């Protein structure tokens, strides 16, 4: 059985995937909006029709990217004690991977993920991080 260790999925992995996802959704949103306008829709109707799947997903992905990025940046601040840093980095990676997994369909549709291994690796990494948390591997010593 293949196991995925934490170092294979540092928080930079979900950050890179989120950056790609935001760019992909921005392009898709622009294309859908342009398509709606070319078909003769009013500006209001074009924005409304592109919002349902495209603009909404773009806004959510951008918000989640911002949270993951800020969490990552915080964990690397000098004011964060080293004993706490490791814990926060694992939690940051867990949150990043978990929230990214909610966009798996878009990642596959856009071509960022291909084959079943990509999704399985993310799932295994999430489970490994959850296991570390539940077994108490994320202890903070004072």
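The values are calculated or read from the model by the stated rules, or taken from the named source; none is laboratory data. Because the structure is a prediction, the values reported are computed rather than measured. Counting neighbours? That spans all protein chains shown, and the Cβs are built from the backbone with ideal geometry, glycine included.
Overview of values
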{"read-out": "Failed item, numbered, when residue 112 is tested on (1) buried (at least 16 other Cβ atoms within 10 Å of the Cβ); (2) under 13 Å from the mean Cα position of the chain (by Cα); (3) assigned to a helix (DSSP H, G or I)", "value": "(3)"}
{"read-out": "Residue identified as assigned to a loop (DSSP other than H, G, I, E, B) and modelled with pLDDT of 85 or more among 34, 57, 41", "value": "41"}
{"read-out": "Matching residues in segment 95-108 - criterion: being part of a helix (DSSP H, G or I) and touching a helix residue (DSSP H, G or I) at 6+ places or on another chain (Cβ under 9 Å)", "value": "95, 96, 97, 98, 99, 100, 101, 104, 106, 107, 108"}
{"read-out": "All positions within segment 73-86 that are modelled with pLDDT of 90 or more and assigned to a helix (DSSP H, G or I)", "value": "73, 74"}
{"read-out": "Index of the failed condition, residue 121 passing every other in (1) in contact with a helix residue (DSSP H, G or I) (Cβ under 7 Å, 6 or more places away or on another chain); (2) within 16 Å of residue 12 (Cβ to Cβ); (3) touching a residue at least 12 places away in the same chain (Cβ under 8 Å); (4) part of a helix (DSSP H, G or I)", "value": "(1)"}
{"read-out": "Residue in segment 83-103 that is under 26 Å from residue 119 (Cβ atoms) and loosely packed, with under 15 Cβ neighbours inside 10 Å present", "value": "yes"}
{"read-out": "Options 91, 127: the member that is modelled with pLDDT under 95, under 23 Å from residue 19 (Cβ atoms) and part of a helix (DSSP H, G or I)", "value": "91"}
{"read-out": "Single residue of segment 9-31 satisfying the filter (loosely packed, with under 13 Cβ neighbours inside 10 Å and under 20 Å from residue 124 (Cβ atoms)) that is modelled with the highest pLDDT", "value": "16"}
